[in-house]
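Structure first, then comments.
Read-outs: derived from the displayed coordinates by stated rules, not from any lab. This is a predicted model, so every value here is computed, not measured. In this analysis, Cβ positions are derived from the backbone assuming ideal geometry, glycine residues included, and neighbour counts consider all displayed protein chains.
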Amino acid sequence: MNLPFPNQLIEALKNATHIAVLTGAGISAESGVPTFREAQTGLWAQYDPQELATPQAFRRNPKLVWEWYAWRRELVAKAEPNPGHLALVALESKVPQFTLITQNVDGLHERAGSQAIIELHGNIMRTKCFENGRLVNSWPATNDVPPHCPHCGGMLRPDVVWFGESLPYEALETAVASTQTCDIFFSIGTSALVQPAASLPIKAIQAGAITVEINPQPTPLTTHVDYALTGSAGSVLPALVAAAFPPA
Ligand code: OAD
């Protein structure tokens with residue numbers, strides 16, 4: 001891990017008026033949430049996530065897809081935000097404007113206390129109707145798997161973006177807008193492969209923002225950013241925030 005951090009980066013953080021952050025599964029790795037591409041364990045080892053997280057898979061076998069998400073929901077519910085999530089909460093309190101854009105569906109940024117969260121891929125803890133897209137907070141307890149919408153009787157599904165589905169328009173628009181006005185753009189814990197999220201750091205570079213990547217591994221973005229900090233979010237982020245904003 002690069003310590004001490006470059007002075008220019010520390011000064012930029014101190015003087016920033018708008019910081020934007022894009023996070024991926026890597027920031028939740030230290031909370032014990034397997035990244036999307038990590039091998040599935042136990043019963044689910046035989047399935048490829050990309051084969052389950054699609055509308056076609058749900059139509060073909062709604063029970064299997066619902067139970068896969070129920071298993072992931074249970075995993076996530078047991079996980080706790082880690083020092084990386086908490087460092088972003090601290091950073092948000094230090095700057096006039098802060099935009100947190102996440103590809104994660106685990107809800108850990110919210111549980112850590114982050115305020116301005118843009119969930120590009122939805123949230124696994126929310127449920128919606130497969131037919132009409134309405135969010136549903138409760139439904140009659142029956143043995144149906146998946147359960148049915150209390151409004152229209154359609155099947156219920158997790159409120160996450162599946163492969164082949166478009167991202168929530170408002171969320172993406174707000175995320176793109178932040179790349180045009182931020183002073184500093186962080187890309188943290190993402191392989192920077194999946195569009196359109198992966199285009200956000202590039203847009204920030206084109207808009208003249210200072211760009212920082214935090215990842216133990218190189219990604220296609222690494223050679224394009226101003227500062228590539230090699231290491232885990234749970235250790236680099238707290239150290240960086242403490243270096244820029246030393247405790248009084
Ligand atoms: P990936 O699993 O593709 O990448 C995780 C990244 O986190 C990798 O680059 C790792 O090197 C890095 N990483 C691992 N541990 C880390 C740590 N402790 N600290 C920092 N980084 C760490 O996950 P995403 O990039 O989030 O989309 O994947 C993006 C999207 O692909 C997901 O949101 C999902 C998937 O298709 C949908 O579900 C629509």
Per DSSP helix of 4 or more residues, -39500 (n - 2.57); summed, then divided by the residues of the chain. What does that give at 222 nm, rounded to the nearest 500?
-10000 deg cm²/dmol
Out of T181, W139, G231 - ranked by how far each Cα lies towards the positive end of the dipole of the stretch 107-248, with unit charges on the beta-carbon of charged residues - the top one is W139
Mind checking which of A20, V33, V65 is farthest towards the positive end of the stretch 20-164's charge dipole, using Cβ charges of +1 (Lys, Arg) and -1 (Asp, Glu) about the Cα centre?
V65
Pairwise centroid distance, computed over Cα atoms, of the stretch 87-104 with the stretch 170-209, Å
14
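Packing-wise, with mean Cβ within 10 Å as the measure, how do 192-200, 46-54 rank, highest first? Please list the in-between numbers first.
Details: 192-200: 17.0, 46-54: 14.6.
Order by mean packing, descending: 192-200, 46-54.
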Place a +1 charge on the Cβ of each Lys and Arg in the chain and a -1 charge on the Cβ of each Asp and Glu, then give the dipole magnitude about the Cα centre in debye, rounded to the nearest 20.
320
In nm, the gap between the two label points placed 7 Å beyond Cα toward Cβ at S93 and T17 is 2.4
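Do me a favour and compute the ellipsoid semi-axes for the stretch 107-154 from its Cα gyration tensor, root of five times each eigenvalue, largest one first, whole Å. Can you show the working numbers first?
Details: eigenvalues 139, 29, 13 Å².
Result for the stretch 107-154: semi-axes of 26, 12, 8 Å.
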Round to a whole angstrom and tell me the spacing of the C-alpha centers of the stretch 219-239 and the stretch 112-129.
24
Based on the Cα gyration tensor of the chain, what are the three equivalent ellipsoid semi-axes, each the root of five times an eigenvalue, rounded to whole Å and given largest first?
35, 18, 17
